[in-house]
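The next block holds one structure in the form of structure tokens; read it before the comments.
All of the numbers you see were taken from the coordinates with simple rules; none came from a lab. Just so we're clear, the structure is a prediction, and the values are computed from it rather than from any experiment. Glycine also receives a Cβ, built like all others from the backbone with ideal geometry; neighbour counts cover every protein chain displayed.
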Amino acid sequence: MASNGRNHSPFAGANERYAENVNPQFVRMLHTIGFDRTWVSSDGAHIVDDEGTRFLDLVGGFGMFNAGRNNPAIRAALIDALERDLAHSVQLGVSSYAGELAGQLLARLPRSLHRVLFTSSGTEAVEAALKYARAATGRPRVISADHAFHGLTLGSLSANGNPEFKDGFGPLLPGFEQVPFGDLDALEAELRREDVALVLLEPVQGKGVNLPPAGYLEGAQALCRRYGTLFCVDEVQTGFGRTGKLFALEHWGLEPDLVTMAKSLSGGYVPVGACAMSRHVFERVNDSLENAVRHGSTFAPNELGMVAGLATLAELDRAQLVERSARLGRLLLELTAPLRERHDVVAGVRGLGLMWAIEFGEPKRGGASWRALERRQHGIFSQLVVGPLFHRHHVLTQVAGHGLNVIKALPPLTIAEDDLRLFVDALDDSIKRATPIPWAAIRFAAGAGLRSLA
Ligand code: PLP
């Protein structure tokens, strides 16, 4: 269907137009699991479809709505900025708000960080860290962790610890290697060669919500210091209150050389990212007038992103969202821990703040149907739970990564306590409905549709 985008509602036929002009496979996948709704509005922790049905959103835009969807204070700051006809992106001049936002970020980050380079996304913040680390150290190699996710541009992808994302896009950058998350011996074996520019780690891994073993992150930082390697903590997903601290690195008192951020920095309104770095790293790269600008992009920093960033920090403080995340995260673990006793198929729950996951494993009873399902597609059981959560209970959740039997939640930190309780009841019911595993589901999983989901 041809469309000039002017004469009709943007909502009617949105899925069809997307299929025709953007990505038919994605729309097919949404259709297969019945997620092809037409979304028309959102507020706080809810999204609303074109029939007026409100869904509780536990995906939170993959973690970009920590301050709540359509947060009115952030919106007001943006409207005010738009109405003032600012001198956007003069380029041969500085953004009026970037210095202030950088200062506010640095005041909240560890003392080891002194400069902020703004970007327009998380992967670009990671690319900046990779480039600065190589240039600052003169070394080629980058070590990240198995199951790591740092974005999908070629540099970040080279640091990715999931083969599913990399397949078909090679050759990736040379000098990138992954070691098991949590294994300091494996890390030290790489660092001992003294050719590693950067160790890049998520404090809590997003794919699977993997928490670091005790002492791991501090140990990794100490090893980096010993072998002259820079240490970068990727806070793109864990930042801005997600784990119950403003930055997850605070849980372990880390003082890295670089920190990457994005997602919730702008309250979800404007694409924005940032890479904070030590004075040492900055000065090794931007070391002269000639080298004043060695990395950047047209939209970064842009005034709307900066204004939204300032308003987001103010809103996190005003509404005490970091403390709220810590408190509600504890409650969520408390409410979901009994699911392990109630359902044979629940292997465990874990989380930090409002970054939470439930993992499923082969039940003692009904193992044959579990194995039959898993043979079709490893990790597909989670989809049998995500389905009723969405269709019966109007709760949006996500499977946490390729081949993992994990469902993950990253709700807006504004979520009401009652809504968390509603989610837990809905989860309990949905697990009940998925077990024993219906043979119809196994037959269905054998078809092309479900295979592409986990
Ligand atoms: N780093 C981490 C830890 C992430 O979780 C993500 C995205 O999910 C990225 C980097 C990439 O961010 P973006 O999608 O904004 O490029």
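Computed on alpha carbon atoms, what radius of gyration and Dmax characterise segment 72-318, expressed in Å?
17.7, 56
Please return the longest range in the chain lying between exposed loop sites, taking trypsin sites (Lys or Arg not before Pro), DSSP loop only, at most 11 other beta-carbon atoms within 10 Å, and leaving the sites out.
Details: sites that count: Arg6, Arg84, Arg111, Arg193, Lys364, Arg365.
Within the chain, the longest run free of exposed trypsin sites (Lys or Arg not before Pro) spans 194-363.
Tell me which DSSP H helices of the chain clear both cut-offs, 18 Å or more of axial length from alpha-carbon atoms and a mean Kyte-Doolittle hydropathy of at least -1.0. Display every interim value, and only then the final one.
Numbers: long enough: 122-137 (23 Å, 0.02); 303-318 (22 Å, 0.64); 321-336 (21 Å, 0.40); 417-434 (26 Å, -0.46).
Helices passing the filter in the chain: 122-137, 303-318, 321-336, 417-434.
Can you tell which of Ala136, Pro171, Gln237 lies farthest toward the positive end of the dipole of the chain, using +1 and -1 charges on the Cβ of basic and acidic side chains (Lys, Arg; Asp, Glu)?
Among Ala136, Pro171, Gln237, the one farthest towards the positive end of the dipole of the chain is Pro171.
Roughly how many debye, to the nearest 20, is the charge dipole of the chain about its Cα centre, given +1 on each Lys and Arg Cβ, -1 on each Asp and Glu Cβ, and no other charges?
Numbers: 46 positive and 50 negative charges, 155 e Å.
Once rounded to the nearest 20, the dipole reads 740 debye.
Can you list the residues, at least 5 places off or on another chain, whose amide H is less than 5 Å from the amide H of Leu117, using H built in the peptide plane?
Those lying under 5 Å, H to H, from Leu117 are Cys275, Ala276, Met277.
If amide H atoms are built 1.01 Å from N in the plane of the peptide, which residues on other chains or at least 5 residues away come under 5 Å of the amide H of Asn210?
Counting only residues 5 or more places away or on other chains, the set is Gln205.
Restricting the count to DSSP beta bridges whose residues both fall in the chain, what percent are antiparallel, rounded to a multiple of 5? Please list the in-between numbers first.
On the way: 31 of 47 bridges.
Of the beta bridges lying entirely in the chain, close to 65 percent run antiparallel.
With θ taken as phi - 60° and the coefficients 6.51, -1.76 and 1.60, list the Karplus ³J(HN,Hα) couplings across segment 58-64 in order, rounded to whole Hz; mark glycine and proline as x.
So the J values, rounded to whole Hz, are 9, 9, x, x, 6, x, 9.
If I model a spin label as a point 7 Å beyond the Cα along the Cα-Cβ vector, how far apart are those points for Glu250 and Ile33 in nm?
3.3 nm
I need the per residue convex hull volume for the chain, using only the alpha carbons, in cubic angstrom as a whole number. Could the numbers behind the result be given before it?
Details: hull volume 73.1 nm³, N = 454.
Per residue, the Cα convex hull of the chain comes to 161 Å³.
Which FRET efficiency, nearest 0.05, do Leu92 and Asp287 yield, Cβ-Cβ r, R0 22 Å?
Working: r = 21 Å, r/R0 = 0.96.
Working from the Cβ atoms, E equals 0.55.
Not counting the cut sites, what is the longest span of the chain without GluC sites (Glu not before Pro) that DSSP labels loop and that have at most 14 other Cβ atoms within 10 Å?
Numbers: sites that count: Glu51, Glu194, Glu290.
The reported range is 291-454.
List the residues whose amide H sits under 5 Å from the amide H of His147, counting only those 5 or more places along or on another chain, with H placed 1.01 Å from N in the peptide plane.
Gly161, Asn162
Are any of the pairs Lys131/Lys166; Lys245/Lys432; Lys131/Lys408; Lys166/Lys245; Lys166/Lys432; Lys263/Lys364 more than 30 Å apart by Cα-Cα distance, and if so, which? Don't skip to the answer; put the middle values down first.
Details: Lys131/Lys166 20 Å; Lys245/Lys432 34 Å; Lys131/Lys408 32 Å; Lys166/Lys245 32 Å; Lys166/Lys432 36 Å; Lys263/Lys364 40 Å.
Result: Lys245/Lys432; Lys131/Lys408; Lys166/Lys245; Lys166/Lys432; Lys263/Lys364 exceed 30 Å.
Going by Cα centres, segment 2-71 and segment 268-322 are how many Å apart?
Value for the Cα centre distance between the two parts: 29 Å.
How large is the dipole of segment 1-112 about the Cα centre if only Lys and Arg carry +1 and Asp and Glu carry -1, each at its Cβ, rounded to the nearest 20 debye?
Working: 10 positive and 12 negative charges, 70 e Å.
The calculation lands at about 340 debye.
For Trp439 and Val22 in one chain, what is 0.36 nm times their gap in residues minus the Cα-Cα distance, to one decimal in nm? Could the numbers behind the result be given before it?
Numbers: separation 417, 0.36 × 417 = 150.12 nm, distance 3.49 nm.
Between Trp439 and Val22, full extension yields an extra 146.6 nm.
Calculate the dipole size of segment 77-181 relative to its Cα centre from +1 charges on Lys and Arg beta carbons and -1 charges on Asp and Glu beta carbons; express the result in debye to the nearest 20.
Details: 9 positive and 10 negative charges, 115 e Å.
For segment 77-181, the charge dipole is close to 560 debye.
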